[in-house]
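Notes follow once the structure below has been shown.
The values are calculated or read from the model by the stated rules, or taken from the named source; none is laboratory data. Treat the numbers as computed from the prediction; the structure is a model and nothing was measured. Cβ placement follows ideal geometry from the backbone for every residue including glycine, while neighbour counts extend to all protein chains displayed.
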2 protein chains.
Amino acid sequence: MMPPGGADARSDQLAELNALRHNMLCATETGDLLNQAADTPDLSDWQRANVREISRRRASSMALSEDFVLARTKACNTCETVWRQARADADFKAVLPHLENLLSLVREEAEAKAEVLGLGLYDALLNDYDPGTRSEHFDQVFDDLETFLPEFLGQALEHQASQANVIRPQGPFPVDKQKDLGTGFMKALGFDFDHGRLDVSLHPFCGGFSDDIRITTRYDDADFTSSLMGVLHETGHALYEMGLPQDWRSQPVGDARGMSLHESQSLLFEMQVCRSQEFLTYAAPIMAEAFEGQGPAWSADNLSRLYSHVEPGFIRVDADEVTYPAHVILRYRLERALIEGDMEAADIPTAWNEALQRILGITPPSDREGCLQDIHWYDGAWGYFPTYTLGAMMAAQIFDAARTAEPDILPSIARGNFQPLLNWLRKNVHGYASKFETPELLEKATGRPLDAETFKTHLKSRYLGRPL
Amino acid sequence: MMPPGGADARSDQLAELNALRHNMLCATETGDLLNQAADTPDLSDWQRANVREISRRRASSMALSEDFVLARTKACNTCETVWRQARADADFKAVLPHLENLLSLVREEAEAKAEVLGLGLYDALLNDYDPGTRSEHFDQVFDDLETFLPEFLGQALEHQASQANVIRPQGPFPVDKQKDLGTGFMKALGFDFDHGRLDVSLHPFCGGFSDDIRITTRYDDADFTSSLMGVLHETGHALYEMGLPQDWRSQPVGDARGMSLHESQSLLFEMQVCRSQEFLTYAAPIMAEAFEGQGPAWSADNLSRLYSHVEPGFIRVDADEVTYPAHVILRYRLERALIEGDMEAADIPTAWNEALQRILGITPPSDREGCLQDIHWYDGAWGYFPTYTLGAMMAAQIFDAARTAEPDILPSIARGNFQPLLNWLRKNVHGYASKFETPELLEKATGRPLDAETFKTHLKSRYLGRPL
């Protein structure tokens, strides 16, 4: 909603709030109060977890000096600005000196946090996005996936070729009808419009505070399917925020538990629920009615093929469910080597293209479709990428646990009733907020630590037609 | 934009920010720094004014204890909530105990501030809304107006009866066309959409920060005239904010100078400029084209009669330019007596109705259309009402000074060119921000202190057809 000329002032305001927060967290008084709280014998589990969460944030803040934070913020801003032009020009060399400067600060940050937190360099950065998750938890899982994917992709493409062709529904699809359709499904899934809105923005997001959750989408009047699925994805994020416990609102322990779990909730709805045969059986006639669509393009079977189409490509954000992990694992390997000093920024383009060729068998025509495509590294978000695929695997594992615990969940979805699923998620995921670290929460909710098996089983079912 | 369920959380967030601001302002360190700054010999005029503004805010904050502010905030919230129902029920008695409680806190606040600031009780409250303006500056002006208005109103109604009847343009007027028309005029007046937006809300307002100004309106598809004039009013507020000096953004001296001057800028555009024959000569064909209107309803003369129609009524916010000051002066007299202890809250309905009968010759059918109509007293905004009529008089005085200084201003308006006016305002009003207190700024801009004469001359010209 912000007019472009408001950006500088807004960024000053946010910097001011961040500085206030930093100073409050790092104040000696805060440290004393935390020590006092930690020594109090009769804290509840929630109170103790709250003290842990505040201490974690404090330790992370204390690791960096105010001067360093300022230098880092500045390096991020500069690098990101140059990157926007470099991406447009497919000119990695133009951004390289700025990326090198930023990388050296990121390494410094990793060292400082690693020392304070007693973690490895990579985990020290990951910990800010996903507290408690360590790379040792998923290194083997990623290895496993990386071995599995190339062969599986071949099988999936073969299976796809044996199926009927996808028929794309023909538009135009008026924006107001797309919006009505999206809000209708949001309501059905459980989104509370008394505590949230759906708006339009260039880059879709879910933001705000639990009592006021804003999600956005962008509409293409020639194709409603992509925007609609985006809305359902953001609705998954929103339902998580809306389901956080009222009693702990605005306390650190009451916040959502990290980016992996957040992504698991959006992907649970987008990938597990809303691309399922059950959901599309319920949704297909509603979609057809919304746009007065008729014929085979509007059948649940066709929409299901459309929503599970596999096609290797260069761009992560456009990737399908099968090839997406390849993009993430590639980035994880590279950023880990970069952070740990086993590789330099100048080597990124060659390493990127080799890795993509190895996993997906394709090579980008230029760095624009390669190592310049994502904002993350150029904006200072190092250690973030694994959370996408961790989220996808957790989504499969959590949905599997939910269906096993409540056999009514899937049949209810086919009838457009999402309450059994939402009730289970409220109780086993959302309601815990940040009471546990991610691995413990996942194990409580699903009875086992993170594994790739459920995700692989899900892929085999959807893309090879094998029974679950 | 906020969904209703977000209100509690938002209000907690604002309270937290207010507390942070209060603590920073009242900190001993802030006092020491201000003393140090005041003793610095080589401050520029702007720097010295900035120190004065910070000191004024600090003195106002220091006058009240944190406990008192909390009690007052709570009393306001309760009283306002009960008032909403009491107004709907036309039941003054229902809200009376809460209003009495709030009034006693307001009196306490006035005493505390009066002592710290060395002002009278009423002026101590007014000072928060309009720094530097004292009731002694306008008591005589209000007396003058109060004597003038009853007879003038009779003359204006007589004159109006001698004119052709108003013909209302017939709708429907589609909302998107109303919005296009409004944004077109906003651009013409000088509103910069790179630093602002026009949106929809139940109660029109202008808010935000100088680099990101949001104005709102509400649309009625049976009548575009009221929403359009509302947009032009808010545009006046917005142009003031947008014209504040860049060099002092986010410093207290860089803020707009109080509510009277702010209202003078909105009323200058709404009342002086956009209801003028010159503006309507330019705007009438644009309005007609926007709605494909034809015939005598769309002539500049008819629209001018429509936009200067006089009709005494009970409701302040619906009042025309002639009767509006009567509503304000009535409220000023009553709130002053209440604050100074010369009257009690229980006496409000009787005193209200007597005063309205005396000034406008009408008596409201119930307290809903009488003393329950405005939120101000029930929400704790005591000492605010005079700023509306001070703004109206300043608008007349400032516009008169501008036209005298730049004879091209009026002819340019008739051609849809507002730049000469805006340039003059930027230089003589907007660009000063809070460098001077209101009376000094007005005198610098217009060459004389506030008087009622220019406003009365304006009324005589518009409503009796007398030459300026």
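Of the residues A:S266, A:S250, A:S227, which is among the small types (G, A, S) and not in a helix (DSSP H, G or I)?
None of the others qualify; the one that does is A:S250.
Does B:Q160 satisfy being on the phi < 0 side of the Ramachandran plot, surrounded by 14 or more Cβ atoms within 10 Å (Cβ to Cβ), more than 13 Å from every other protein chain (Cβ to nearest Cβ) and out of contact with any Ser or Thr (no Cβ under 6 Å at 6 or more places or on another chain)?
For B:Q160, the condition - on the phi < 0 side of the Ramachandran plot, surrounded by 14 or more Cβ atoms within 10 Å (Cβ to Cβ), more than 13 Å from every other protein chain (Cβ to nearest Cβ) and out of contact with any Ser or Thr (no Cβ under 6 Å at 6 or more places or on another chain) - is met.
Of the residues that make up segment B:235-243, is at least one within 14 Å of chain A (Cβ to nearest Cβ) and of a type in the set (A, V, I, L, M, F, W, C)?
yes
Picking from B:A433, B:A395, which residue would you name as being at positive phi and touching a Gly at 6+ places or on another chain (Cβ under 9 Å)?
Matching residue, one of B:A433, B:A395: B:A433.
Name the residues in segment A:207-234 that are under 25 Å from A:P252 (Cβ atoms) and within 14 Å of chain B (Cβ to nearest Cβ), would you?
Once the filter is applied, which keeps residues that are under 25 Å from A:P252 (Cβ atoms) and within 14 Å of chain B (Cβ to nearest Cβ), segment A:207-234 yields A:G207, A:G208, A:F209, A:S210, A:D211, A:D212, A:I213, A:R214, A:I215.
From the list A:V166, A:V175, which one is of a type in the set (A, V, I, L, M), touching a Lys or Arg at 6+ places or on another chain (Cβ under 7 Å) and assigned by TED's automatic domain parsing to the domain that holds A:E335?
A:V166
Identify the residue in segment A:1-59 that is hydroxyl-bearing (S, T, Y) and loosely packed, with under 13 Cβ neighbours inside 10 Å and, among all such residues, is farthest from the chain's Cα centre (by Cα).
The qualifying residue farthest from the chain's Cα centre (by Cα) is A:T40.
Checking B:A288 against (1) modelled with pLDDT of 95 or more; (2) over 12 Å from the mean Cα position of the chain (by Cα); (3) closer than 23 Å to B:K427 by Cβ, only one condition comes out false. Which one?
Unmet condition: (3).
B:A188 - would you say it is assigned to a helix (DSSP H, G or I), within 14 Å of chain A (Cβ to nearest Cβ) and small (G, A, S)?
no
Checking the conditions here, which among A:L422, A:L459, A:L468 is free of Cβ contacts under 8 Å to residues at least 12 places away in the same chain and of a type outside the set (D, E, K, R)?
The conditions single out A:L468.
Please specify each residue of segment A:323-351 satisfying the condition of being surrounded by fewer than 17 Cβ atoms within 10 Å (Cβ to Cβ), under 25 Å from the mean Cα position of the chain (by Cα) and in contact (Cβ under 8 Å) with a residue 24 or more places away in the chain.
Listed by number, the list holds a single entry, A:E340.
Exactly one of (1) of a type in the set (S, T, N, Q); (2) surrounded by fewer than 19 Cβ atoms within 10 Å (Cβ to Cβ); (3) in contact (Cβ under 8 Å) with a residue 60 or more places away in the chain is unmet by A:T81. Its number?
So A:T81 meets the others, but not (3).
Return the only residue of B:I339, B:I359, B:I329 being more than 30 Å from B:S55 (Cβ to Cβ), of a type in the set (A, V, I, L, M, F, W, C), at pLDDT 95 or above and not assigned by TED's automatic domain parsing to the domain that holds B:R107.
B:I329
I need the full set of residues from segment A:246-259 which are in contact (Cβ under 8 Å) with a residue 60 or more places away in the chain, within 14 Å of another protein chain (Cβ to nearest Cβ) and not acidic (D, E), in order please.
The answer is A:W248, A:Q251, A:G254.
Being among the acidic types (D, E), touching a residue at least 60 places away in the same chain (Cβ under 8 Å), farther than 24 Å from B:L232 by Cα and in a helix (DSSP H, G or I) is true for just one of B:E440, B:E354. Which residue is that?
After applying the criteria, what remains is B:E440.
Identify all residues within segment B:163-198 that are out of contact with any helix residue (DSSP H, G or I) (no Cβ under 8 Å at 6 or more places or on another chain) and of a type in the set (K, R); write none if there are none.
Residues satisfying the conditions are B:K179, B:R197.
List pairs: first residue in segment A:182-201 and farther than 11 Å from B:G6 by Cα, second residue basic (K, R) and assigned to a helix (DSSP H, G or I) anywhere in the structure, Cβ distance under 9 angstrom, at least six positions apart or on different chains.
Note: pairs meeting the criteria are A:L198/A:K179; A:V200/A:K179.
Of the conditions (1) more than 24 Å from B:N23 (Cβ to Cβ); (2) more than 14 Å from chain B (Cβ to nearest Cβ); (3) in a helix (DSSP H, G or I), A:Q36 fails just one. Which one is it?
(1)
In segment A:53-67, which residues are in a helix (DSSP H, G or I) and either touching a residue at least 12 places away in the same chain (Cβ under 8 Å) or assigned by TED's automatic domain parsing to the domain that holds A:L441 (or both)?
A:E53, A:I54, A:S55, A:R56, A:R57, A:R58, A:A59, A:S60, A:S61, A:M62, A:E66
From the list B:E136, B:E146, which one is more than 14 Å from chain A (Cβ to nearest Cβ) and either in contact (Cβ under 8 Å) with a residue 24 or more places away in the chain or closer than 19 Å to B:A283 by Cβ (or both)?
B:E146
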